[in-house]
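Q: Questions regarding the structure given below will be posed in turn.
The values are calculated or read from the model by the stated rules, or taken from the named source; none is laboratory data. From a predicted model like this one, the values you see are computed outputs, not experimental measurements. For neighbour counting, all protein chains shown are included, and Cβ atoms are generated from backbone atoms with ideal geometry for every residue, glycine included.
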Amino acid sequence: MSHSPAEGDSQSRFSRLRSCLFADEDIASLVYFRILFGLIMLYEVVRYFRRDWIARYFIEPTFHFKYYGFEWVHPWPGDGMYYHFAALGVLAACITIGLAYRISTVLFFLGFTYVFLLEQARYLNHFYFVCLISFLMMFIPAHRAFSIDARLFPSVRSRTAPAWGLWLLRFQMGVVYFYGGLAKLNVDWFRGEPVRTYLRNRSDDPIFGLLANHEWAVYCIAYSGVLFDLLVVPFLLWRKTRAYAFLIGILFHLTNHHLFNIGIFPWFSMGATALFFSPDWPRRLLVKIGIGRANAQQLPITGETSAPPVQSFRQGSTLVFALVMTYVAIQLLVPLRQWLYPGDVNWTDEGHRFSWRMRLRHKVATTKFYVYDPATGKTQRERPKEVLTDWQNNTMVGRPDMILQFAHYLAEEARKDGRERVEVHVESMVALNYRPKRRLIDPKVDLAAQKRSLRPAPWLLRYGNETTDEP
């Protein structure tokens, strides 16, 4: 059977891609990232203990907002959450030193993802990022050098690893940058919001306070943010501009750290961006500063002098290649789902999560819940703060899916009190990026009768179709 030239070229490109992904690369960058990941995760666990966030976020609340499909996930009883975080700390330390790496990465992924799923009101892009990276680390052989495993088990040792591991990490970082920039291509961002507001909120800062009242500074930060997110990956991939892009990235993330309260994300991003350098850069750096051996083919404490490349990852490479491509496709498609929903995602929140939409909106909202009992004809106003913590309530008031969840909770509590059939109506007025307040939810709709769904919510009032009257 003959093939057309186009088919031959396609097969050739496919073969080259596959060969590239399974080529042997220096393992030094993967070892560096394993240590970086483990140390940052250990630091994050310590922060939760020192600031008593474990009790604040997982023990003290009597009600938890759940992600769709994960309503069955609940916190451990008693002091179980403290033990859980202590275990995460031990696992992070094991990942850092490469001890029982495979088991440690699997358990850490399961344990951290469990914490992530416990409370939707605590959704943070960098927590989602950690879940994804910890998932990838289960499969990436970053323990084959500079690790306890490599010292104890000679069969584990290797100076190289298949290139797909490093490229997956680079790809994941690139997705964060690209979709973060794509999300900024909207009217509000180009008119300077919410950057203008963030600067004004830092008016007491010795640096940003000087810029707060200057419009040129607002637009400079906003437009440079778009350009950085969209262009940094191409410049990192090009050897001639890589070092400059990395230095600009350091400045960008340090600015974010100073301007926003976003925890470990800037440090994690700076560390992950270094993966775009040549795979052997940590080895060459160690040699240059006199810590490593003169032979650039060695990483210290591997316990050998001439370890051959590990070939096990070439076995079943068709399956591995298919899994890598499947993961890539999922990461590219999931953020695009926001355009399947009608209206402005900043307003409706539909498709907002898991799409790398970071620091794009500021919502000021007032939300009132009314429980109506048809049997008695009485309407009772419910006050969420009697059930929710302040941080839960402040997050919920501008997010429709969470409002629906709390409406279901109120209906369930009414049924427990003997009121078999009640209706829950909501008056929700929201100001998006300092526009006038508008109605977010149709107050005539009984939210207790509305099911949670991934489809567009019929009870949401799309921006521009709602009344502006304050209830």
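Q: Looking only at the range 411-429, decide whether some residue is part of a loop (DSSP other than H, G, I, E, B), at pLDDT below 95 and under 28 Å from the mean Cα position of the chain (by Cα).
A: No; the residues of the range 411-429 include none that is part of a loop (DSSP other than H, G, I, E, B), at pLDDT below 95 and under 28 Å from the mean Cα position of the chain (by Cα).
Q: Same structure again: So is Ala457 surrounded by 15 or more Cβ atoms within 10 Å (Cβ to Cβ) and closer than 30 Å to Val195 by Cβ or not?
A: yes
Q: Also: Test of understanding: among Val73, Val46, which residue is of a type in the set (Val, Ile, Thr), assigned by TED's automatic domain parsing to the domain that holds Phe108, closer than 23 Å to Arg353 by Cα and at pLDDT 95 or above?
A: Exactly one residue qualifies, and that residue is Val73.
Q: Does any residue of the range 28-42 turn out to be over 21 Å from the mean Cα position of the chain (by Cα), in contact (Cβ under 8 Å) with a residue 12 or more places away in the chain and over 27 Å from Leu285 (Cβ atoms)?
A: no
Q: Hey, another quick one. Only helices (runs of 4 or more DSSP H) wholly contained in the range 215-303 count here; list those with 3 or more residues that are hydrophobic (A, V, I, L, M, F, W, C) and either touching a strand residue (DSSP E or B) at 6+ places or on another chain (Cβ under 6 Å) or at pLDDT 95 or above (or both).
A: Result: 215-237, 239-259.
Q: While we're here: What are the residue pairs meeting all of these: first residue in the range 175-190, first residue surrounded by fewer than 19 Cβ atoms within 10 Å (Cβ to Cβ), second residue of a type in the set (A, V, I, L, M, F, W, C), Cβ atoms under 8 Å, and 6 or more apart or on different chains?
A: Correct list of pairs: Leu182/Leu230; Leu185/Val226; Asn186/Leu360; Phe190/Ala222.
One line per residue, one yes/no per condition, for (1) of a type in the set (Phe, Trp, Tyr); (2) under 30 Å from Trp216 (Cα atoms); (3) in contact with a His (Cβ under 7 Å, 6 or more places away or on another chain):
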position: Leu136; (1), (2), (3): no, no, no
position: Ile140; (1), (2), (3): no, no, no
position: Thr160; (1), (2), (3): no, no, no
position: Phe171; (1), (2), (3): yes, no, no
position: Val175; (1), (2), (3): no, yes, no
position: Gly181; (1), (2), (3): no, yes, no
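Q: Show the residue pairs meeting these rules: Cβ distance below 7 Å; 6+ apart or different chains; first residue within the range 247-275 and on the phi > 0 side of the Ramachandran plot; second residue not in a loop (DSSP other than H, G, I, E, B).
A: Partner pairs satisfying both residue conditions: Gly263/His126.
Okay, residues lined up against (1) more than 23 Å from the chain's Cα centre (by Cα); (2) closer than 21 Å to Phe49 by Cα; (3) of a type in the set (D, E, K, R):
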{"residue": "Glu71", "(1), (2), (3)": "no, no, yes"}
{"residue": "Val115", "(1), (2), (3)": "no, yes, no"}
{"residue": "His143", "(1), (2), (3)": "yes, no, no"}
{"residue": "Leu152", "(1), (2), (3)": "yes, no, no"}
{"residue": "Arg159", "(1), (2), (3)": "yes, no, yes"}
{"residue": "Pro162", "(1), (2), (3)": "yes, no, no"}
{"residue": "Arg170", "(1), (2), (3)": "no, no, yes"}
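Q: Taking the range 95-115 only, how many residues are buried (at least 22 other Cβ atoms within 10 Å of the Cβ) and part of a helix (DSSP H, G or I)?
A: 7
Q: Scan the range 44-63 and report the pairs whose first residue is in a loop (DSSP other than H, G, I, E, B) and whose second residue is of a type in the set (A, V, I, L, M) and surrounded by 13 or more Cβ atoms within 10 Å (Cβ to Cβ), with Cβ atoms within less than 9 Å and a gap of 6+ or a chain change.
A: Once the first residue is in a loop (DSSP other than H, G, I, E, B) and sits in the range 44-63, its partners that are of a type in the set (A, V, I, L, M) and surrounded by 13 or more Cβ atoms within 10 Å (Cβ to Cβ) give Pro61/Ala121; Pro61/Val387; Pro61/Leu388; Thr62/Val387; Thr62/Leu388; Phe63/Val387; Phe63/Leu388.
Q: Please specify each residue of the range 68-85 satisfying the condition of being in a helix (DSSP H, G or I) and touching a residue at least 40 places away in the same chain (Cβ under 8 Å).
A: Phe85
Q: Mind listing whichever residues of the range 415-439 are of a type outside the set (Ser, Thr, Tyr), touching a Lys or Arg at 6+ places or on another chain (Cβ under 9 Å) and closer than 25 Å to Pro374 by Cα?
A: Those that are of a type outside the set (Ser, Thr, Tyr), touching a Lys or Arg at 6+ places or on another chain (Cβ under 9 Å) and closer than 25 Å to Pro374 by Cα: Arg415, Arg421, Val422, His425, Val426, Glu427.
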